[in-house]
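Everything below concerns the one structure shown next.
The values are calculated or read from the model by the stated rules, or taken from the named source; none is laboratory data. Computed from a predicted structure; not experimentally measured.
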């Protein structure tokens, strides 16, 4: 993981401060400790994200169901 951080810091120094990719790299480098902790974790965050995915995907589908009854019928468990 430290290889990626080193590479990003080296490459970031070569970029203009106005480049979109430079802004993205700055964002990630400012949050590096959190990012690396996420990747080195036990995967429990991924399980939580997977469990919430149905709600996020369904929200778009349920937007125009028309009624509470239609929403209940459209909800798949």
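Scanning segment 9-27 for residues that are more than 25 Å from the chain's Cα centre (by Cα) and in a helix (DSSP H, G or I) gives no hits.
Of the residues examined, residue 39 is one that is within 16 Å of the chain's Cα centre (by Cα) and modelled with pLDDT under 75.
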